[in-house]
Amino acid sequence: MQKIITISTDRRNGLYDITNEVEEIIRISNIMNGIASVYARGSTAAIMIQENWDQSVQNDVITLLNRIIPSGVWEHDRQDNNGDAHLKAGLVGPSESIPVISGKPGLSTWQNIFFCEFDGPRSKREIVVTVIEDKQ
Amino acid sequence: MQKIITISTDRRNGLYDITNEVEEIIRISNIMNGIASVYARGSTAAIMIQENWDQSVQNDVITLLNRIIPSGVWEHDRQDNNGDAHLKAGLVGPSESIPVISGKPGLSTWQNIFFCEFDGPRSKREIVVTVIEDKQ
Amino acid sequence: MQKIITISTDRRNGLYDITNEVEEIIRISNIMNGIASVYARGSTAAIMIQENWDQSVQNDVITLLNRIIPSGVWEHDRQDNNGDAHLKAGLVGPSESIPVISGKPGLSTWQNIFFCEFDGPRSKREIVVTVIEDKQ
């Protein structure tokens with residue numbers, strides 16, 4: 001089962017919770033055990049597993065990345081002024097593979113799946129979810 | 001084949017080598033070629049592939065992460081004072097997919113699989129290992 | 001389908017585009033939908049998805065990693081003076097899982113697949129590509 005989640009983003013930097021969308025794709029796949037590979041298309045975006053009790057950790061992620069990867073100081077900025085966005089995306093990475101256990105994402109209580117936008121706002125961002133069955 | 005490795009941790013920050021446990025799960029799966037998806041459950045934990053010649057690189061990983069992600073300066077700290085642990089976990093990431101080659105983990109000589117604890121000690125931490133066969 | 005890409009590297013730190021090699025392995029697998037798991041063997045190497053419009057972002061990646069992970073200040077340096085290389089490799093990570101869509105890598109326009117060398121030059125580096133079919 002392979003499906004694409006489409007979202008829009010409203011900020012330059014922001015985390016967007018896509019856990020429900022991934023869970024729904026796993027549900028309709030009817031796969032009980034395996035993995036769900038989640039992949040962010042876009043070289044200024046990424047996937048991060050993170051807590052979603054409230055907004056605080058999401059804000060801290062943005063603060064941290066802005067601190068270690070400041071904007072405006074990169075060679076690539078001479079092209080389109082988003083060198084920091086590419087570096088954040090590359091360091092966090094676009095892919096996470098989540099176990100599917102009993103037909104659900106095998107996340108722990110405080111783990112949620114986030115799409116990370118580093119060069120928004122964008123009207124259309126795509127996340128590819130591929131659910132692979134464990135046949136044994 | 002899907003199995004859960006359970007470990008306990010004895011420090012706030014520490015790396016724990018789980019290579020042998022992953023290798024054993026691959027062995028009993030009888031899968032000769034494919035991938036082993038290793039996933040740390042817990043939003044203050046992660047998986048890192050790293051050298052295990054001695055303790056030095058593990059110590060350096062902790063030193064590095066404490067340097068770029070100091071404790072006590074995050075919005076989330078007002079809740080439960082572990083903002084740094086969530087950020088370390090998110091940046092390192094909970095999942096790694098390792099090739100299975102001839103029935104063994106396709107690691108290089110100096111690559112070992114580590115569970116990273118960032119908010120211990122904990123009596124029980126879970127790592128889900130899913131071995132998927134390459135049918136071709 | 002599991003194949004190994006072999007490359008040589010000519011610098012201590014450098015990114016090497018392996019997108020064409022991964023695409024070719026997907027092509028000969030005849031798998032139309034699934035995932036391609038890309039894995040760098042070597043505890044001083046990694047895989048990063050990044051833009052390849054020109055050399056600028058690659059240079060910026062090296063600059064960033066040298067800034068947050070300086071050389072010569074790690075416990076491991078007393079052994080073989082490459083502590084920074086291990087830390088860069090661990091933080092970026094050796095594995096990325098890319099969706100296979102209609103027989104091709106499901107990358108966005110500006111995403112390319114890079115092998116990251118952090119302790120070169122090396123005459124032989126190996127990247128394992130495992131293509132797993134989505135049967136549904």
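The values are calculated or read from the model by the stated rules, or taken from the named source; none is laboratory data. Source: prediction; values computed, not measured. With ideal geometry, Cβ positions are generated from the backbone for all residues, glycine too; neighbour counts draw on all protein chains shown. Heavy atoms of the whole protein, side chains included, go into the accessibility calculation; ligands, DNA and RNA do not. Shrake-Rupley method; radii C 1.70, N 1.55, O 1.52, S 1.80 Å.
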Task: Listing of strands (runs of 3 or more DSSP E) fully contained in region A:87-136 that carry 3 or more residues being of a type outside the set (A, V, I, L, M, F, W, C) and under 29 Å from B:Lys124 (Cβ atoms) - done: A:95-101
Task: Any chance C:Ile35 is in contact (Cβ under 8 Å) with a residue 12 or more places away in the chain and at the interface with another protein chain (Cβ under 7 Å from one of its Cβ atoms) - done: yes
Task: Residue ID - farthest from A:Pro94 (Cα to Cα), chosen from residues in region C:52-95 that are facing chain A (nearest Cβ under 8 Å) and open to solvent by less than 10 Å² (accessible area, probe 1.4 Å) - done: C:Ser56
TODO: May I ask you to verify whether C:Ile49 is over 19 Å from B:Ile49 (Cβ atoms), in contact (Cβ under 8 Å) with a residue 40 or more places away in the chain and either at the interface with another protein chain (Cβ under 8 Å from one of its Cβ atoms) or open to solvent by less than 10 Å² (accessible area, probe 1.4 Å) (or both)?
DONE: no
Open item on the list: Just checking, does region C:9-17 include any residue being hydrophobic (A, V, I, L, M, F, W, C) and within 24 Å of C:Gly103 (Cα to Cα)?
Closed with: no
Task: Test: A:Ser43 is of a type in the set (S, T, N, Q), touching a helix residue (DSSP H, G or I) at 6+ places or on another chain (Cβ under 7 Å) and surrounded by fewer than 21 Cβ atoms within 10 Å (Cβ to Cβ) - done: no
Task: Lone unmet requirement of (1) within 15 Å of the chain's Cα centre (by Cα); (2) open to solvent by 50 Å² or more (accessible area, probe 1.4 Å) for B:Thr109 - done: (1)
Task: Pairs, first in contact (Cβ under 8 Å) with a residue 12 or more places away in the chain in region B:59-84, second open to solvent by 20 Å² or more (accessible area, probe 1.4 Å) and of a type in the set (Gly, Ala, Ser), C-beta under 9 Å, six or more apart - done: B:Asn82/B:Ser71; B:Gly83/B:Ser71; B:Gly83/B:Gly72; B:Asp84/B:Ser71; B:Asp84/B:Gly72
Task: Conditions (1) open to solvent by 10 Å² or more (accessible area, probe 1.4 Å); (2) in contact (Cβ under 8 Å) with a residue 40 or more places away in the chain; (3) within 7 Å of another protein chain (Cβ to nearest Cβ): number failed by A:Ser29 - done: (1)
